[in-house]
1. Pick from region 60-74 the residues that are in contact (Cβ under 8 Å) with a residue 12 or more places away in the chain and either in a loop (DSSP other than H, G, I, E, B) or exposed (fewer than 14 other Cβ atoms within 10 Å of the Cβ) (or both): which of them is farthest from the chain's Cα centre (by Cα)?
2. What residue, among those in region 127-165 that are within 30 Å of G112 (Cβ to Cβ) and polar (S, T, N, Q), is surrounded by the most Cβ atoms within 10 Å (Cβ to Cβ)?
3. Can you find a residue in region 119-126 that is surrounded by fewer than 16 Cβ atoms within 10 Å (Cβ to Cβ) and not in a helix (DSSP H, G or I)?
4. For residues that are of a type in the set (G, A, S) and under 26 Å from P98 (Cα atoms), tally how many sit in region 135-156.
5. Of the residues in region 104-120, how many are at pLDDT 95 or above and among the small types (G, A, S)?
6. Looking at region 89-108, which of its residues are without any contact (Cβ under 8 Å) to a residue 12 or more places away in the chain and either among the charged types (D, E, K, R) or surrounded by 12 or more Cβ atoms within 10 Å (Cβ to Cβ) (or both)?
7. Scan V79, V83, V101 and give me the residue that is modelled with pLDDT of 95 or more, more than 24 Å from P31 (Cα to Cα) and either of a type outside the set (A, V, I, L, M, F, W, C) or not in a helix (DSSP H, G or I) (or both).
Amino acid sequence: MEGPGEQLFSPPSRMKRCPDCQQWKPETEFPRNKNYRDGRHPYCKPCHNARGKESKQRLYGGSRHYHLMRRYGIGADEVDTLVAAQGGMCAICGKRNPEHVDHDHATGVVRGILCFNCNGGLGQFRDSTDALRAAAVYLEQRASEVVALRELAVRRAGELGTTSV
């Protein structure tokens, strides 16, 4: 029975109350989780995300450290140490302030810290030293051909009276 000024709140169906923010929200505002009876996580998405962020900060000192530990087994301090040991430069091209961890995909062992382009390049060649050597040979062999083609184009442009190639 309701007393004076009191109302019992009966939420509409398919609504759920978040224990953090104390708000009733549509169940679609809660992440899916089949471990719970209703198939939804107890906390709404914003509260769920805030809790995850707080946990990463509290337990690991931040998202970067958390992901480095999870993916490569090294923390942000160890990455900084590796970068310093490399003179603050990419281990391949020498670009300053590399940020990408290079690792052997077969063993998971960290090899060094590279810039975005060098790390991506190794990945495109699937860490194959044979493929990288073949690419270097290809570039070296084609260099003289490219110069010859450019000279031919300039000569033909001059013969035709055009100035741009």
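1. Result: G61.
2. That would be S128.
3. Yes, because at least one residue in region 119-126 is surrounded by fewer than 16 Cβ atoms within 10 Å (Cβ to Cβ) and not in a helix (DSSP H, G or I).
4. So the count comes out to 2.
5. 2
6. M89, G94, R96
7. V101
Every residue, every condition in (1) at pLDDT 95 or above; (2) acidic (D, E); (3) within 31 Å of the chain's Cα centre (by Cα), yes or no:
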| site | (1), (2), (3) |
| --- | --- |
| E2 | no, yes, no |
| E6 | no, yes, no |
| S10 | no, no, no |
| R17 | yes, no, no |
| C21 | yes, no, yes |
| K25 | yes, no, no |
| D38 | no, yes, no |
| K45 | yes, no, yes |
| H48 | yes, no, yes |
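The values are calculated or read from the model by the stated rules, or taken from the named source; none is laboratory data. This is a predicted model, so every value here is computed, not measured. Heads up, the Cβs are rebuilt from the backbone with ideal geometry, glycines too, and the neighbour counts pull from every protein chain shown.
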